[in-house]
Amino acid sequence: MAIKKSFFISFEGVEGSGKSTQAKLLYKYIKDNISKKVILTREPGGTKFSERIRNILLDNNFKKNPLTEFFLLMAARNDHVVNKINYYLKKDFIIVCDRFYYSTLAYQHYLEGMNKKFIYETQKKIFKNIYPDITFLIDLNEKESKIRIKKRIKKINRFDKLSNYHFNKIRNGFLKIAKIYKKKVILINGSKSLNEIKNEVIKKTLKVLNVRH
Ligand code: TYD
């Protein structure tokens, strides 16, 4: 079951889509079943420094305009990439990351209207030419998302309180991304059961990793 190189897997989706749960489940599956080192990380965050930035980003007490938010996100990403992702990629790990570049496109471009080229160029400076090898994009409609967010125990942040109009801008943005990057993005119907999605994610992962179950 040996696999040669490092591998970068990201999970994307709207709030309440279940992507964080699925990222954790995949991480656990790889850890328990594949002879390959794996880490689970997230954005914004993933390092001590970037988790601090995350707290500022999600703090409702600070009003931030889209550009301020963008630079905070990129500062967090840069620290995460330089001090964690690059390190583990070099060590041939599998990286499972909860949110990454496509979230920036969905939120900062499709929602906030920031220029796509500007986002891409900034991102390129951080990450050179390395992007996730594969991305699971978990799609969910606004009705189901709202129901799930209401059930959450964790503090609701400003992103969780989006209007339906804004929610759909992000969701449709993600769906466009799935079409544009169809070779790398696997679109998953988030209204399926947790187990169904888990099995689908594992099956696809094993296939791209070229590992037999
Ligand atoms: P988080 O609580 O992680 O959302 P979720 O629980 O749905 O995973 O909050 C992170 C928020 O940051 C999320 O609403 C999306 C936003 N975000 C951006 O706007 N741009 C980005 O590039 C990233 C990585 C996240």
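Structure data summary
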item: Residue under evaluation Ile39, criteria (1) assigned to a helix (DSSP H, G or I); (2) at pLDDT 95 or above; (3) surrounded by fewer than 20 Cβ atoms within 10 Å (Cβ to Cβ); (4) not acidic (Asp, Glu), criterion not met; result: (1)
item: Condition check for Phe62: aromatic (Phe, Trp, Tyr) and in a loop (DSSP other than H, G, I, E, B); result: yes
item: Glu69 vs. criteria buried (at least 17 other Cβ atoms within 10 Å of the Cβ), of a type outside the set (A, V, I, L, M, F, W, C) and not in a helix (DSSP H, G or I); result: no
item: Test set (1) at pLDDT 95 or above; (2) crowded, with 17+ Cβ neighbours inside 10 Å; (3) farther than 21 Å from Lys169 by Cα - Pro44 fails condition number; result: (3)
item: Meets criteria (charged (D, E, K, R), at pLDDT 95 or above and part of a loop (DSSP other than H, G, I, E, B)) for Lys154; result: no
item: Among the candidates Ser6, Ser20, Ser10, Ser50, residue that is under 23 Å from Asn83 (Cβ atoms), in contact (Cβ under 8 Å) with a residue 24 or more places away in the chain and away from the ligand (no atom under 16 Å from the Cβ); result: Ser6
item: Boolean, Lys124 is surrounded by fewer than 17 Cβ atoms within 10 Å (Cβ to Cβ), at pLDDT 95 or above and part of a helix (DSSP H, G or I); result: no
item: Residue match in segment 200-213 (condition: within 19 Å of Gln22 (Cα to Cα), of a type in the set (A, V, I, L, M), assigned to a strand (DSSP E or B) and out of contact with any Asp or Glu (no Cβ under 8 Å at 6 or more places or on another chain)); result: no
item: Subset of segment 85-116 [assigned to a helix (DSSP H, G or I) and closer than 15 Å to Lys128 by Cα]; result: Ile85, Asn86, Tyr87, Leu89, Lys90, Tyr101
item: In segment 127-151, the residues that are part of a loop (DSSP other than H, G, I, E, B), away from the ligand (no atom under 14 Å from the Cβ) and touching a residue at least 60 places away in the same chain (Cβ under 8 Å); result: Ile130, Asp133
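To keep it simple, each residue is scored yes or no on (1) among the charged types (D, E, K, R); (2) closer than 17 Å to Lys37 by Cα; (3) within 16 Å of the chain's Cα centre (by Cα).
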| site | (1), (2), (3) |
| --- | --- |
| Asn83 | no, no, no |
| Cys97 | no, yes, yes |
| Tyr102 | no, no, yes |
| Ile130 | no, no, yes |
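Residue-wise test of (1) of a type outside the set (Asp, Glu); (2) within 24 Å of Leu140 (Cβ to Cβ).
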| site | (1), (2) |
| --- | --- |
| Lys5 | yes, no |
| Ile9 | yes, yes |
| Glu15 | no, yes |
| Ser20 | yes, yes |
| Lys36 | yes, no |
| Arg42 | yes, yes |
| Leu67 | yes, no |
| Asp79 | no, no |
| Ser103 | yes, yes |
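The values are calculated or read from the model by the stated rules, or taken from the named source; none is laboratory data. Computed from a predicted structure; not experimentally measured. A quick note on method: Cβ atoms are made from the backbone with ideal geometry, for glycine too, and the neighbour counts reach across all protein chains shown.
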